[in-house]
Amino acid sequence: MKLPRNASFQDLVRRHGKLGHVTIRQRGSHIRMAIPTNPAAKLTIPAHRPIKVETLSAILADVSAQTGTPMDELLEKLEL
């Protein structure tokens, strides 16, 4: 699984929006998102350019665990 090295937060927020996440709020340099059908599934994306690979990996692992979607399938859906 190869993750992009130059992913921006705007791109990540847009791609997660296609999966059904909506932005709840932004405080400072962090954007909080959630899935309306599952309010317990929250996601925080740092507003950094670019997002570090380790941080991106942790975000995707959280989303994978919350939604029950395997990581490879999640990467396909996000087109990363």
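Read the figures in this text as sums done on the coordinates, not as results from a lab. Nothing here was measured: the structure is a model prediction, and the numbers come from that model.
Based on the Cα coordinates of the chain, what is the per residue volume of their convex hull in Å³?
In the chain, the Cα hull volume divided by residue count equals 80 Å³.
Using θ = phi - 60° and the Karplus curve 6.51 cos²θ - 1.76 cosθ + 1.60, what whole-Hz ³J(HN,Hα) does each residue of the range 37-53 get, with Gly and Pro shown as x?
Result, ordered by residue: 7, 9, x, 6, 7, 10, 9, 10, 10, x, 8, 10, 10, x, 7, 4, 4 Hz.
What residues have an amide H closer than 5 Å to that of I31, excluding those fewer than 5 places away on the same chain, when H is modeled at 1.01 Å from N in the peptide plane?
Under 5 Å from the amide H of I31: I45, A47.
With a cut-off of 8 Å between alpha carbons and a minimum separation of six or more residues, what is the relative contact order of the chain in percent? Walk me through the numbers before you get to the answer.
Details: 97 pairs, mean separation 25.0, N = 80.
With pairs under 8 Å counted, the relative contact order is 31 percent.
What's the tally of Lys pairs in the chain whose alpha-carbon atoms lie under 18 angstrom apart, where the two lysines are 8 or more places apart or on different chains?
Details: K2/K52; K2/K77; K18/K42; K18/K77.
Step by step, the pairs that qualify in the chain add up to 4.
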